[in-house]
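Student: This is the structure, below, for whatever I ask next.
Just so it is clear, none of the values below were taken in a lab; they were calculated from the coordinates. Everything quoted here is computed from the prediction, not taken from an experiment. So basically every Cβ, Gly included, is an ideal-geometry build from the backbone, and we count neighbours across all protein chains shown.
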Protein chains: 4
Amino acid sequence: MRESAQALAEAPSQLSSQQLIGALVEQGLLTDPASPRGRLLFAAARLFEQRGFARTTVRDLAAEVGILSGSIFHHFASKEQILCAVMKEVITLASARMRSAAENAGCPQEKLRACIQSELEAIHEQAVPGFSILVTEWRSLTEESQEEVLRLREEYEQIWLDAIVAAKCPGGAPALVRRLLVGALSHTYSWFKPRNRGLSIPDLTDHIFQIFTP
Amino acid sequence: MRESAQALAEAPSQLSSQQLIGALVEQGLLTDPASPRGRLLFAAARLFEQRGFARTTVRDLAAEVGILSGSIFHHFASKEQILCAVMKEVITLASARMRSAAENAGCPQEKLRACIQSELEAIHEQAVPGFSILVTEWRSLTEESQEEVLRLREEYEQIWLDAIVAAKCPGGAPALVRRLLVGALSHTYSWFKPRNRGLSIPDLTDHIFQIFTP
Amino acid sequence: MRESAQALAEAPSQLSSQQLIGALVEQGLLTDPASPRGRLLFAAARLFEQRGFARTTVRDLAAEVGILSGSIFHHFASKEQILCAVMKEVITLASARMRSAAENAGCPQEKLRACIQSELEAIHEQAVPGFSILVTEWRSLTEESQEEVLRLREEYEQIWLDAIVAAKCPGGAPALVRRLLVGALSHTYSWFKPRNRGLSIPDLTDHIFQIFTP
Amino acid sequence: MRESAQALAEAPSQLSSQQLIGALVEQGLLTDPASPRGRLLFAAARLFEQRGFARTTVRDLAAEVGILSGSIFHHFASKEQILCAVMKEVITLASARMRSAAENAGCPQEKLRACIQSELEAIHEQAVPGFSILVTEWRSLTEESQEEVLRLREEYEQIWLDAIVAAKCPGGAPALVRRLLVGALSHTYSWFKPRNRGLSIPDLTDHIFQIFTP
DNA sequence: GATGAATGAGCTTTCATTCAT
DNA sequence: GATGAATGAAAGCTCATTCAT
């Protein structure tokens, strides 16, 4: 009974995840995951996240999608451009998801909770593969690429700041609180495994929410 | 008022920073910073922190201490072993500092505050150069090296856990709270610059303390 | 008289030397000598034999085939793997030649004579470049590579043992006799030059045959 | 009973082995094995034989005698000079042993037998450590060193040639027969282990003697 | 768009050798 | 004679990138 209720409750968000991607692809904001370029970006997201950018070779990447390393440069000008493209895809998808999550939230507190959970899902579920790279591999980008990604990221961060302000989080300026949250949340990648029976993403969301709200 | 009181309080611990290192060197727990090996480790800590481990070459390292790249392998068997050695020095020094800071704290709340401030100082001041590597370059270590460092790290983490328990932090299990703090604090490396007039380390400590205590 | 008879007898086998290689290449047992990999192996065989494995650098090898050192690792994973590949080519070709030579022999005595001559040709003529490496550089192989080559070598050695048994050589067990022959024959590389007018390969074969048969 | 008989029979040759070395040292023909230089040469003989010259580092050598690598160059000008010195020691000792063995032989056949056995003992027993290097590492010497060693070797080879001539070995010129023997005997290093119960050095000597005599 | 071969700069590492102490 | 630190040339190898086919 619990499961069917859950299925009902999750169904719309599950659906909208696919629908979201579809809509973004149609708008030209996201690369079609089924296209060669899309499969490459997906593989890159996974490998960069697992092994790190510097420890992933172009050959690894090519092998992952079943082509030869030389062929990669028909799609991207350089390895760094792949990282940049991954980050742009990541932030585009994460933004859309977060906007949708924040809009559905009733009260300010729920909004913040939704932000936390949305980012945790981005990091730990298949929702936004490669999300943690935004933090861990930031320095592997050239300055130009950093600026490009930052521009795309603005909307995403604005949703967060609004939520923090509305929830009246303690700890000083909202930007500071957000930065602490960025660190705390992104680091969960290296220790939190939602498969463990002990702690689910909603559970973890609760704990973090409890800490960061008055 | 706050600042002058703090100056008085910190003076002795500032002094003991040099004494601490001296004592640890004499006990054989730390490499003499004046020795060739010590100078190499110091330079490595700085460069690995600034540029990242993979982006720092052995030649960079050698140039920094004024020797040739081949000479490095007179002191270390591999580049990875340098990283491992840096981390062990880092955790040894940070442990000693934190123990001393925690012991001097009066009440449980002050103890937690001391821990936060000690780690922030480790990250941002000359106190423990290379501290942030512990988090950012963890995956650059072999598994064997990770185990070695983890063993040394146990005492350090125990102090933290004790402080979190005593301060009755909200947010679930102490280990979970600590992990969120690890992320939040280590990430400050990439955005917080104490030289900015706006925010000092004690100020930042206050904010974080406020968030993580009831 | 002797020489003209021999010329007649050898003509077909000389022809089949090229045909042999062609056939082995088609069966996938030998690398095409015209391919990049094949040219590399050929150059390696020559250099390893002349200068020794340790004294030949990867850069020497690359220069010999007109590429850059890095390009070698497009074809082989390591220098040692090149040595291993050379030995496998060598034993494959030598096996085919010896089998053909042994089959054409009339009586048991002629069979042993054919084995001796075939191995001497392998060592001293263009027949099987790099043959002597099998003995002189054996210890430069890893244990895994040694096993690989040994497996391939079994057939070759079996032909020898059969010939020794059939010829009723004195001196104890056939395996022992073969080992003495391995040493005696491979060492000829360092002193016997067939270009010297004095002694031809058939002459040398005669002498050795005389010693090792009753 | 057998053992005591053997002890009696071997005693003189055992004694003379030590006495031989002592005499040679006193005459200034051999380095005192107890001296630092002597211990270095002994270690080098062992390591060069086991691992090969190129695969043995100066550090290995130094470690073996308990000094640091830099100190080696107080005794020898270069690594190659160590190899050369080892070979000179080896051929000096081997010459003396062989002369003594040949002189004690009664008939021509026994003389050849004594030569074979003496060389086998040099290779496989503690009699002349490093003997096999003379063949396997010949190419690691500079031409100057080769000439030096060759001069010393002349007497040794002359004893062999005399024995081969006297024994009326088949197989052509005595020099040719000797070269085949050099190859066959030196190669035994890589397969014959006298510790095996199966085959002793006298046994092996018998087999080889049987092959090389009419 | 893909392939396979090659590039070439630069990497970590090795090691015989030197030398002030 | 020994030490330990350093040298410096050269080694094996890596890898993003190029390009003719």
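Student: Given the range C:43-100 reduced to its alpha-carbon atoms as identical point scatterers, what log10 I(q)/I(0) does the Debye formula return at q = 0.13, 0.24, 0.31 Å⁻¹?
Tutor: -0.35, -0.95, -1.30
Student: Can you give the relative contact order of the range C:53-212 as a percent, counting alpha carbon pairs under 8 Å and 6+ residues apart?
Tutor: RCO, the range C:53-212: 26 percent.
Student: Label-point separation (nm) for C:Asp60 and D:Gln158, each offset 7 Å from Cα along Cα-to-Cβ?
Tutor: Using points 7 Å along Cα→Cβ, the separation is 3.6 nm.
Student: Can you check what the net charge comes to around C:Phe48, using other residues whose Cβ is under 14 Å from the Cβ of C:Phe48 (Lys, Arg +1; Asp, Glu -1)?
Tutor: +1
Student: Measuring label to label, 7 Å along Cα→Cβ, what does D:Gln109 give against each other copy in nm, shortest first?
Tutor: Result for D:Gln109, in nm, nearest copy first: 2.3, 10.9, 11.2.
Student: On average, how many beta carbons from a partner chain sit within 10 Å of the beta carbon of a residue in D:174-187?
Tutor: Counting Cβ atoms of other protein chains within 10 Å of each residue's Cβ and averaging gives 6.
Student: Residues in the range A:84-120, backbone N under 20 Å from the label point at A:Arg46 (7 Å along the Cα-to-beta-carbon vector): list them, ranges by number please.
Tutor: From the range A:84-120, the list is A:84-91, A:93-94.
Student: Let me know the volume per residue of the alpha-carbon convex hull for chain C, in Å³.
Tutor: 131
Student: Ok, one more. Build a GNM of chain D with springs between Cα atoms under 10 Å: which of D:Phe42, D:Phe73, D:Phe131 gets the top mean-square fluctuation?
Tutor: Most flexible of the set in this elastic network: D:Phe73.
Student: With respect to the axis carrying D onto B, what is the closest chain D residue by Cβ position, and how many angstrom separate it from the axis?
Tutor: Closest Cβ to the D-to-B rotation axis, residue and whole-Å distance: D:Gly70, 3.
Student: Now for a different question. What pairs in B:Lys79/C:Lys88; B:Lys111/B:Lys193; D:Lys79/D:Lys111; A:Lys88/A:Lys193 have C-alpha atoms more than 27 Å from each other?
Tutor: In this structure, B:Lys79/C:Lys88; D:Lys79/D:Lys111 lie more than 27 Å apart at Cα.
Student: Okay, moving on. If we hang a label 7 Å off Cα along the beta carbon direction at B:Gln210, how far is it from the matching labels on the other copies, in nm, shortest first?
Tutor: So the distances to the same position in the other copies read 2.2, 10.0, 10.7 nm.
Student: Between B:Leu199 and A:Lys168, how many nm apart are label points set 7 Å from Cα along the C-beta direction?
Tutor: Inter-label distance under the simple model: 2.2 nm.
Student: Using a label position 7 Å from Cα in the Cα→Cβ direction, what is the ascending list of nm distances from D:Arg139 to the same site in the other copies?
Tutor: 1.5, 4.7, 4.9
Student: Given the protein assembly as shown, what whole percent of its Cα pairs are spread farther than 35 Å?
Tutor: Distances greater than 35 Å cover 65 percent of the Cα pairs.
Student: Moving to a separate point now. Between the range D:148-167 and the range C:77-149, what's the alpha-carbon centroid distance in Å?
Tutor: 32
Student: Tell me the label-point distance for the pair B:Ala105, A:Arg139, using the 7 Å Cα-to-Cβ offset, in nm and rounded to one decimal.
Tutor: It is 2.8 nm.
Student: Based only on Cα atoms, what Rg/Rh ratio does the range C:142-214 have, Rh being taken as Kirkwood's radius?
Tutor: 1.04
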